[in-house]
1. Mind listing the phi-derived Karplus ³J(HN,Hα) values for segment 59-75, rounded to whole Hz, using 6.51, -1.76 and 1.60 with θ = phi - 60°, and x for any glycine or proline?
2. Kindly provide the chymotrypsin sites (Phe, Trp or Tyr not before Pro) of segment 63-129 that DSSP labels as loop, not H, G, I, E or B, and whose Cβ sees at most 14 other Cβ atoms within 10 Å.
3. Using only helices, what value at 222 nm comes out for the chain when you add -39,500 (n - 2.57) per DSSP H run of length 4 or more and divide by the total residues, to the nearest 500 deg cm²/dmol?
4. Taking the number of other C-beta atoms within 10 Å as the exposure measure, put PHE155, PHE26 in order starting with the fewest.
5. Give me a comma-separated list of calculated 3J(HN,Hα) values for segment 112-122, in order, Karplus coefficients 6.51, -1.76, 1.60 applied at θ = phi - 60°, integers in Hz, x for any Gly or Pro.
6. What residues qualify as long-range amide H neighbours of ALA8, i.e. H under 5 Å apart, gap of 5 or more or another chain, H built at 1.01 Å from N?
7. Once you put a point 7 Å from the Cα of GLU43 and another 7 Å from the Cα of VAL152, both along the Cβ direction, what distance in nm separates them?
8. Calculate the all-directions average of the projected area of the chain's alpha-carbon convex hull, and give it in nm².
Amino acid sequence: MDYVIRTAKEQDMVDVLGLIRELAIFEKEPDAVEITVEELVNEGFRDNPLFHCFIAEVADEIVGIALVYYRFSTWKGRSIHLEDLIVKESMRGTGLGSALYAEVLKYAQSKGVRRVEWVVLDWNTHAIDFYEKTGAKLLKNWHLVQMDKEGVNKFVSKL
């Protein structure tokens, strides 16, 4: 299969959002996506972009993405967080996910970061197996902690 992995452009964000929504369905959170195309464009392609996105194309169709951004670790310094690696359901198992993953790691190496990190759902055993086979370590003693906008507002209102 012929494919191209490239850096995303502004005009790709419509398709990127479509893949983000497909991932939300896969992760059993179909109504969780709040971001818009306009926000993706503004946050990724204006002054001081907040993310970098790789695109996988087959026959000029966007069929996968990997979206990353910088984080800072007090132990390691600059690191890269892989927010999402998404391949269209019809294209899974073709090697596109591996190609996007490799592109992220090459990008991380070129930026000189000391760590790449991401989150994977505990029931996504296919992804977990893949990551472990590549040498990634699953940190089993850590918990992901989040507070949504409503929680933040509620907390701050009590201060």
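1. Karplus-based 3J(HN,Hα) across segment 59-75 equals 6, 6, 10, 6, 10, x, 9, 9, 10, 10, 7, 6, 10, 10, 10, 5, 8 Hz.
2. TRP75, TRP123
3. Value at 222 nm, helices only, nearest 500: -11000 deg cm²/dmol.
4. The fewest-first ordering by Cβ neighbours comes to PHE155, PHE26.
5. The phi angles translate into x, 6, 8, 7, 10, 9, 6, 10, 9, 5, 5 Hz.
6. CYS53, PHE54, ILE55
7. Taking the simple label geometry, GLU43 and VAL152 are separated by 1.0 nm.
8. Over all viewing directions, the chain projects a mean Cα-hull area of 11.5 nm².
Quick note: the coordinates plus some simple rules give every number you see, no bench work behind them. The model shown is predicted, which means the values in this text are computed figures rather than measured ones. Note that each Cβ is placed from the backbone with ideal geometry, even for glycine, and that neighbours are counted across all protein chains shown.
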